[in-house]
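Here's the structure, in structure tokens; my notes come after.
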Amino acid sequence: MNSTKKVLIINTHLTYPNWSEGLLNDAFHQKAKESFLSKGFEILETKVEDGYDAAKEVEKHVEADIIILQTPINWFGAPWIYKKYVDEVFNSGLHSAQFLSGDGRTREDATKQYGTGGKMQSKKFMVCATWNAPKASFNDSAQLLFEGRSTADVLIQITSNYRFCGADIVADYNCFDIFKDGDIVADLENYPKHLEKVFEL
């Protein structure tokens with residue numbers, strides 16, 4: 001493995017004292033970090049809750065070959081601090097023209113599609129998420145809530161930002177039913193295998 005390869009791990013857990021302390025998302029973050037270090041990668045890290053500089057986050061994205069978002073799913077999306085992060089970092093990447101140059105459309109060529117102006121074509125993005133929802137609630141049209149939708153469908157508001165900027169989206173990894181009947185130990189144990197598969201490590 002080329003030692004110059006870099007992975008950016010963004011942890012967007014938001015702490016709620018005495019309820020949600022972030023230990024599980026930290027465990028997945030560390031598992032990914034250890035896995036990539038063992039493959040010779042350089043690790044770039046951001047814990048959104050601890051603060052960040054938008055311009056420096058843009059530079060981390062530019063440097064990284066792989067970007068992983070580690071997030072809990074709070075009310076069917078990432079915590080609100082992640083939306084703030086995206087707005088600030090992606091706006092910075094837009095203004096500096098490091099993430100994209102326009103939305104891809106041109107007046108000269110009507111075949112150019114919306115969302116094809118990105119500059120991240122060489123990068124891969126993945127979401128690793130922790131859910132209260134059970135695995136059985138997805139990919140099943142008989143389920144009332146998601147009506148047959150997959151985790152990828154539910155996460156599209158996250159992945160679209162990266163796809164819009166040209167990155168390839170790889171299969172997400174999920175830890176389900178964390179409060180009732182999940183198998184957190186097995187999910188942590190199997191995580192490196194998923195990383196090896198989707199990133200061809």
Give me the residue from segment 147-201 that is farther than 25 Å from ASP65 by Cα and touching a Cys at 6+ places or on another chain (Cβ under 8 Å) and, out of that set, surrounded by the fewest Cβ atoms within 10 Å (Cβ to Cβ). ILE184
THR151 being touching a residue at least 12 places away in the same chain (Cβ under 8 Å) and in contact with an Asp or Glu (Cβ under 6 Å, 6 or more places away or on another chain): yes
Could you check, for segment 135-146, whether at least one of its residues is loosely packed, with under 15 Cβ neighbours inside 10 Å and over 30 Å from ILE184 (Cβ atoms)? no
Suppose the filter is under 22 Å from the mean Cα position of the chain (by Cα) and either of a type in the set (Ser, Thr, Tyr) or in a loop (DSSP other than H, G, I, E, B) (or both); does ALA129 pass it? no
How about segment 157-201: which of its residues are within 13 Å of the chain's Cα centre (by Cα) and among the small types (Gly, Ala, Ser)? SER160, ALA167, ALA171
Exclusive hit being assigned to a strand (DSSP E or B) and either within 25 Å of GLU189 (Cβ to Cβ) or at pLDDT 95 or above (or both), set VAL89, VAL7: VAL7
May I ask you to list the residues in segment 10-41 that are over 12 Å from ILE66 (Cα atoms) and in a loop (DSSP other than H, G, I, E, B)? THR12, HIS13, LEU14, THR15, PRO17, ASN18, TRP19, GLU21, GLY22, LYS39, GLY40
Look at ALA27 and say whether it is surrounded by 14 or more Cβ atoms within 10 Å (Cβ to Cβ), under 14 Å from MET126 (Cβ atoms) and of a type outside the set (Val, Ile, Thr). no
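The values are calculated or read from the model by the stated rules, or taken from the named source; none is laboratory data. Note that the structure is predicted; figures quoted are calculated from it, not measured. For neighbour counting, all protein chains shown are included, and Cβ atoms are generated from backbone atoms with ideal geometry for every residue, glycine included.
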